[in-house]
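As C-alpha cells, the structure follows; a few thoughts come after it.
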Amino acid sequence: MLAEEQKSVLHSGTPTEKQARRSMLLTALYIAQEQHGYLTKEALRRVAERLGLPLNDVYSTASFYSLYRMETAGRYAIQVCDGLSCHLAGGADTLTDYIRQELGIEVGETTPDGLFTLQTVECVASCGTSPALRINDELYENMTPDKVDRLLDQLAGR
Amino acid sequence: MAFERILLRNVGRPNSEKIDTYLEHGGYQALRKTLHEYTSEDLIEMLKKSGLRGRGGAGFPAGLKWSFMPKDSDVTKYVCVNTDEGEPGTFKDRLLVERDPHSVIEGAIIASYAVGAHRAFVYIRGEFFLGVKRWMKAIDDAYARGFLGKDILGSGFDLDLSVHRGAGAYICGEETAMLESLEGKRGEPRLKPPYPAQVGLWGQPTLVHNVETLACVPHIVLRGPEWFASIGTEESKGPKIFCVSGDVQRPGNYELPLGTTLREIIYEHAGGIKGGRKLKAIVPGGASTPMLTSEHLDVPMAFETLSKAGSMLGTGGITTMDEDACIVDAALRLTRFFAHESCGKCTPCRVGTQRLMGILQRIEDGHGREGDINRLLGLCHGIMGHTFCPMGDAAVNPTLSSIKHFREEYEYHIEHHRCLAPLQ
C-alpha cells in the first residue's frame, strides 16, 4: 500500500528531478521501515544514497515524524489515544493502566517476548467513537477493558 | 423539520465509498456541468456568491482564495486536498474520505479546473490507514471512468491527482507546513506572506483546501450559489458537519446549517449530557478554540457569533465536559497536545508550551504555587502572536480561556492542593 502513493510525482515533470526525488523521502522511509519494523542506521544510509540526500538531512526529516521509529518495536504496537474526548469517555487512562498491568510493561516499553509495545498517541480522530486505540494498521473504537482482553488474547494466539 | 443531509447524504448508504454508488446518486453531474458550461471566471464568481468559507479551521472565503490564484495559463499551478485531520475533537474529514471520497474528488477537480491547475495532490494523515486505501481506490476508479487524466469528459481539461501520505505530525495540517511535507521535508511552517496562492508547492501558486470545503463545491455548482447562501447566517453560509464528543449521550457527526445553536446541537441532536448531569464546559471548534461554558449554549455555531462570544468556529469539533470534569486537567491535556505537536521552529511555542504544561501539571498534581495563575497568563502573552504559524495562538487558548471562565477552580487547586471537581 505504501509504494504506489508518490510514484506519479516523479512522472509529472513539473518539479525538477532533484525536487521530485526529495518528495519521495517520506514514502522511501516508510518502505525502508517495513523491512525491520524500524529505521536502522543502514536503512537510513541507503535511503540517503538512493535519493542523493545527505544522511543528516534524511535523519532530521525522519525524526520529525512520529510514525517513523528509530528503535525496534514489538510485533504489535498498541497505541492508546490520549486525547481529551477519549479521556472523557472514560478511556485513555483506564485503558492504558489496564494494558500496563496486563502486559507488565510501562508506556514506551516492549514485552520480553517482543510481541507488544505500548504507546500513547495524540488524537486519532475517533472522538465520536471513543475511547479508541490503534494496533499497527488497525483502529479499534468504543474500547473497554473486556474488549482489550479479547484482542490481546487473539493477537497473542496468532 | 429535519435538515436535509447534503454533505453526508451518501455516507449511510451501503457501499457508499464506491464510484457506482456515487454515480447512482447524481455523482459527477456537477463536474460534467462545470466542464461544459462554465468558465473559470464563472466558477470563481459562483463561489464568491455562495459565501463558502473554509472548513478546516481558519474560515477564509473560498471564492477569494480562488481569485488570488494567478490567471496566466502558462504558470504551473497546484491544488492540494488537506486530509491531515488531527485537531482534537474533530472527526468529520475522516468520515467523508472513508465513506464518500468521490464527493471530495469531484470538488477537487472542479477547483482545479477553476484555477487552471493540472496537477493535484491529496495530503493525508499517515495514521488514516483506511483513508489512504479509500483515497487510492477512489482515484483509480475516477481515472478508469474518465473523470481524471487526459481530456476529462471530452472537455480538453487534463488533471492528475495522487495521494501523498504524511507520517504523524499535527502541524502538517497548517497549509505551508503541509507543502513542506509534500516536498519531502520536515513539516515546519513557512512565514506568510507570501501565501500559497502566490508561492506554494515547489514555489508555484497552490490552492489548498480542506476536505469538507471541497465537498461543498459540487453542490454549489449543481444547485446554485443562491441556494447555498440561503442556508446559514449573515456571514456563515451553508451546511456544516459538527462533530460532537465528550460527555454527551450520542456522540457523532451531525450535519446542520451554520448558525445552529450549541444548545440544539448538544441537547437535541447529541441527546444531552450523559446521566442527566449538568454541562460545564464546551470546546466549540477543536482544541485550538477557546473554551466556553453552559452560559454560552444559545450561541449559534457560526463564525461571527462565536467570535463575538470570545471563541472560534474552528473545525466545528464540539467537545463537551460535564460538571464532574476537572478544568485544570482538561487544560493540561489540551496543552500537552500542543506541547507534543509543536514543530520546534519558533522558540515561544517550543519552549512556552513546555513551560505551560509544567505549571499546569504541578497545579493539577496539587503542588501549585502562589502566583502560578499570573505565571500562566504571562507565558500565554509571550507566546501569542510571536510565532510563524497560528499554532502558537492556538496553544494558549485552553489555558487562557479556562482561566477566564473557571479561575476559581485554579485558585482552589492551588490553595487546597486538590481538585474542586468531585470524584477526583
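Which is touching a residue at least 40 places away in the same chain (Cβ under 8 Å) and of a type in the set (Lys, Arg), of A:22, A:75, A:46, A:100? Talk me through it step by step, then tell me what you get.
Numbers: A:22 fails: touching a residue at least 40 places away in the same chain (Cβ under 8 Å); A:46 fails: touching a residue at least 40 places away in the same chain (Cβ under 8 Å); A:100 fails: touching a residue at least 40 places away in the same chain (Cβ under 8 Å).
Answer to the check: A:75.
Any residue at all in segment A:69-82 that is of a type in the set (D, E, K, R), outside any helix (DSSP H, G or I) and crowded, with 21+ Cβ neighbours inside 10 Å? Step through it out loud before you land on a result.
Going residue by residue through segment A:69-82, those that are of a type in the set (D, E, K, R) are A:69, A:71, A:75, A:82.
Next cut, outside any helix (DSSP H, G or I) only: A:69, A:71, A:75, A:82.
Now narrow it down to the ones that are crowded, with 21+ Cβ neighbours inside 10 Å: A:82.
Within segment A:69-82, one or more residues are of a type in the set (D, E, K, R), outside any helix (DSSP H, G or I) and crowded, with 21+ Cβ neighbours inside 10 Å.
Do we have any residue at all in segment A:89-97 that's part of a helix (DSSP H, G or I), away from chain B (no Cβ under 12 Å) and either without any contact (Cβ under 8 Å) to a residue 24 or more places away in the chain or touching a helix residue (DSSP H, G or I) at 6+ places or on another chain (Cβ under 6 Å) (or both)?
Going through segment A:89-97, the residues part of a helix (DSSP H, G or I) turn out to be A:92-97.
Imposing the further condition that a residue be away from chain B (no Cβ under 12 Å) reduces the set to A:94-97.
Filter again for either without any contact (Cβ under 8 Å) to a residue 24 or more places away in the chain or touching a helix residue (DSSP H, G or I) at 6+ places or on another chain (Cβ under 6 Å) (or both), leaving A:97.
So far as segment A:89-97 goes, yes, one or more of its residues are part of a helix (DSSP H, G or I), away from chain B (no Cβ under 12 Å) and either without any contact (Cβ under 8 Å) to a residue 24 or more places away in the chain or touching a helix residue (DSSP H, G or I) at 6+ places or on another chain (Cβ under 6 Å) (or both).
Give me a count of the residues in segment B:180-198 that are more than 8 Å from chain A (Cβ to nearest Cβ), more than 22 Å from residue B:385 (Cβ to Cβ) and touching a strand residue (DSSP E or B) at 6+ places or on another chain (Cβ under 8 Å).
Final tally of qualifying residues: 1.
Contact list please: Cβ distance under 8 Å, first residue in segment A:130-145 and more than 18 Å from residue B:131 (Cα to Cα) and without any contact (Cβ under 8 Å) to a residue 24 or more places away in the chain, second residue of a type in the set (Gly, Ala, Ser) and surrounded by 14 or more Cβ atoms within 10 Å (Cβ to Cβ), pairs at least six apart or on different chains.
Listed by first residue and then by second, the contacts come to A:142/A:130; A:142/A:132.
With a cut-off of at least 3 residues that are modelled with pLDDT of 95 or more and either crowded, with 21+ Cβ neighbours inside 10 Å or touching a Phe, Trp or Tyr at 6+ places or on another chain (Cβ under 7 Å) (or both), name the helices (runs of 4 or more DSSP H) lying wholly within segment B:1-91. Full working, then the answer.
Working: elements: B:19-24, B:29-37, B:40-50, B:62-68.
Where helices (runs of 4 or more DSSP H) fall fully within segment B:1-91 and carry at least 3 residues being modelled with pLDDT of 95 or more and either crowded, with 21+ Cβ neighbours inside 10 Å or touching a Phe, Trp or Tyr at 6+ places or on another chain (Cβ under 7 Å) (or both), they are B:29-37, B:40-50, B:62-68.
Output the residue which, of all residues in segment B:309-337 that are within 20 Å of the chain's Cα centre (by Cα), farther than 12 Å from residue A:84 by Cβ and not aliphatic (A, V, I, L, M), is farthest from the other protein chains (Cβ to nearest Cβ).
So, considering only residues that are within 20 Å of the chain's Cα centre (by Cα), farther than 12 Å from residue A:84 by Cβ and not aliphatic (A, V, I, L, M), the one farthest from the other protein chains (Cβ to nearest Cβ) is B:310.
Checking residue B:278 against (1) touching a Phe, Trp or Tyr at 6+ places or on another chain (Cβ under 9 Å); (2) more than 13 Å from chain A (Cβ to nearest Cβ), which test does it fail?
For residue B:278, the failing item is (1).
Answer yes if at least one residue in segment B:170-178 is in contact with a Phe, Trp or Tyr (Cβ under 7 Å, 6 or more places away or on another chain) and either more than 10 Å from every other protein chain (Cβ to nearest Cβ) or among the β-branched types (Val, Ile, Thr) (or both), and no otherwise.
yes
Just name the residue that is farthest from the other protein chains (Cβ to nearest Cβ) out of those in segment B:125-156 that are without any contact (Cβ under 8 Å) to a residue 40 or more places away in the chain and within 24 Å of the chain's Cα centre (by Cα).
Only one residue fits best here, namely B:139.
The values are calculated or read from the model by the stated rules, or taken from the named source; none is laboratory data. No experiment lies behind these values; they were computed from the predicted model shown. Note: ideal-geometry Cβ built from the backbone for every residue, glycine included; neighbour counts use all protein chains shown.
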